[in-house]
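Data block below; observations after.
Just so you know, all these numbers are worked out from the coordinates, no wet-lab data involved. Given the structure is predicted, the values throughout are model-derived calculations rather than measurements.
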Amino acid sequence: MTIFEAVILGIVEGITEFLPVSSTGHMILASYFMGIQEDPFTKLFEVCIQLGAILSVVVLYWKRFFDFSKWQFYMKLIIAVIPALILGFLFNDAIEGLLESPLTVSISLILGGIVLLFIDKVFKNPEITQEPEIKPKNAFVIGLWQCISMIPGVSRSAATIIGGMQQNLTRSLAAEFSFFLAVPTMAAATGYTLILKDWKVNGAEIKGYEMLTQNSDNLMMFGIGALMSFIVAMIAIKSFITFLQKHGFRVFGVYRIIAGLIMLFVLGMKSV
């Protein structure tokens, strides 16, 4: 991986992590077209630079995250992340196989885009406007919706926001809770990737942290990618809430459909 490739993937992660367009899908497609998708370090990198995006949420909402008197807030995040932890552990191998498929990403982008075209008309009368009003059962159901995003291209953000709206949250509150839920979810995914997962590199199995610290280049690429994702995600989060309140999801639906169709066309041309 070069510095240029690390910067590109960091920007892609930062822009797409909290938008309903699938950050994983976009990074898979970006690495595919840069010809580095088969590199084990690239796959590790794509998960771990989410730490930058996590930090952006914590910084922007630091008063909420460090108000330890509001223990219910933490409890709801724990409840919401449980389904993804269980299913992620049970179906890790199947998920890994899907992560290597640009075709899966393209189809998921299109299908998810079609859903976003109409989702604003489905949930019209939200009743929950403040985070303290979210009940543990609401959080758990949103966590179940998040599990759909294990299919690359679906979008964790889209799944959890739609899940929030289905639980009668306003669009903006559903988006905020999606941001909050991203922190334990991505922290768990990064921890698993670095500490527990075995990676095959040159015929040998090593842990993610061993691959990351193999040489200074790997550490530098990770630092660059995480920094870029942090900076860009800060901007994306602020802009997204304002845009969502004014315009809804339709634009993102159109974008996903166009992007998915273009990817299918390119993949088809490559196979000819």
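A few points about this structure:
- Sequentially through the stretch 69-75, phi angles give Karplus couplings (6.51, -1.76, 1.60; θ = phi - 60°) of 6, 9, 5, 4, 4, 5, 4 Hz, Gly and Pro residues having no value and appearing as x.
- Counting only alpha carbon atoms, the long axis of helix 171-191 and the longest principal axis of the chain meet at about 40°.
- Three principal axis lengths of the stretch 177-272 [C-alpha, angstrom, descending]: 49, 43, 22
- Scanning residues 5 or more positions from V201 or on other chains, those with amide H under 5 Å from its amide H are I206, with H placed 1.01 Å from N in the peptide plane.
- Relative to its Kirkwood radius, the Cα radius of gyration of the stretch 7-142 gives an Rg/Rh of 1.00.
- Percent RCO, i.e. relative contact order, over the stretch 141-272, from Cα pairs under 8 Å lying at least 6 residues apart: 14
- Taken over the chain, the convex hull of the Cα atoms encloses 122 Å³ per residue.
- Over the stretch 151-195: Kirkwood hydrodynamic radius from C-alpha pairwise inverse distances, Å: 11.2
- When the P(r) of the stretch 231-270 is calculated, the portion above 11 Å amounts to 69% of the C-alpha pairs.
- Legend: Rg and Dmax of the stretch 113-255, from Cα coordinates, 18.2, 56 Å.
- Nearest-ten-degree value, helix 136-146 long axis tilted from longest Cα axis of the chain: 40
- Helix axis angle, 23-33 relative to the chain longest principal axis, alpha carbon, degrees: 30
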